[in-house]
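Q: Mind looking over this structure? Questions follow.
Bear in mind these aren't lab numbers, they're just calculated from the coordinates by the rules spelled out. Note that the structure is a prediction, hence the values are computed from the model and not measured. Here the Cβ is made from the backbone with ideal geometry for all residues, glycine too, and neighbour counts use every protein chain on show.
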Amino acid sequence: MAASAEDVRKSIKSYLLVFGALAVLTVITVAASWLKVSVALAIFIALVIASVKGSLVASVFMHLTGEKATLYWVLIISAFFFFLLILLPVLQTWETSHLIDQVKP
């Protein structure tokens, strides 16, 4: 499939914008590492920045912006199984603690 010159210009422009955003976010990540905050807050900041960077790379370089319907279904199914797998140990812990309370004299 041949792309027109206009399509190529759009692609190059979006790639350069993402490159600039990734460079800025990298500088922000390094600057955030120098902040005098708690370890938990530092990890949270780093994860937020990494999530934004990963989303940029996935949406532009992996061309996921054009596959929204498929992407939404994958996310919905993944979220369902995530919550199911989180719920199983919670229910097991609740049941075990409930049985222990019944056995205590």
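Q: Computed FRET efficiency, Cβ-Cβ of Val24 and His63, R0 22 Å: what is it to the nearest 0.05?
A: Given R0 = 22 Å and the Cβ-Cβ separation, E is 0.45.
Q: To continue, here is another question. Roughly speaking, what is the stretch gain from Ile86 to Ala42, that is 0.36 nm per residue apart minus the C-alpha to C-alpha distance, in nm to one decimal?
A: Net length gain for the segment: 13.3 nm.
Q: Pop a pseudo-label 7 angstrom from the Cα along the beta-carbon direction at both Ser33 and Ser97 and give the gap in nm to one decimal.
A: Going from the Ser33 label point to the Ser97 one covers 3.9 nm.
Q: Identify which of Ala40, Ala69, Ala58 has the largest mean-square fluctuation in a Gaussian network model of the chain, with springs joining Cα atoms closer than 10 Å.
A: Per the Cα network of the chain with a 10 Å cutoff, Ala40 tops the list.
Q: Using only Cα atoms, tell me the angle between helix 39-56 and the longest principal axis of the chain; keep it within 0 to 90° and round to the nearest 10.
A: 40 degrees
Q: To continue, here is another question. Determine the calculated [θ] at 222 nm for the chain from helices alone, applying -39500 (n - 2.57) to every DSSP H run no shorter than 4 residues and normalising by the residue count; nearest 500 deg cm²/dmol.
A: Value at 222 nm, helices only: -28500 deg cm²/dmol.
Q: Set the Förster distance to 35 Å, then compute FRET efficiency between Thr70 and Leu16 from the Cβ-Cβ distance, nearest 0.05.
A: Calculated value: 0.80.
Q: Provide the gained length on full extension for the span Ala50 to Asp7, in nm with one decimal, where the gain is 0.36 nm per separating residue minus the Cα-Cα distance.
A: Full extension of this stretch gives 12.6 nm more.
Q: Sticking with this one: Counting pairwise Cα distances across the chain, what percent come out greater than 16 angstrom?
A: 75 percent
Q: Here is a further query. Rounded to whole Hz and in sequence order, give me ³J(HN,Hα) for the stretch 5-22 from the Karplus expression 6.51 cos²θ - 1.76 cosθ + 1.60, θ = phi - 60°, writing x for Gly and Pro.
A: With coefficients 6.51, -1.76 and 1.60, one gets 4, 5, 5, 5, 4, 4, 5, 4, 4, 5, 5, 5, 5, 5, 4, x, 5, 5 Hz.
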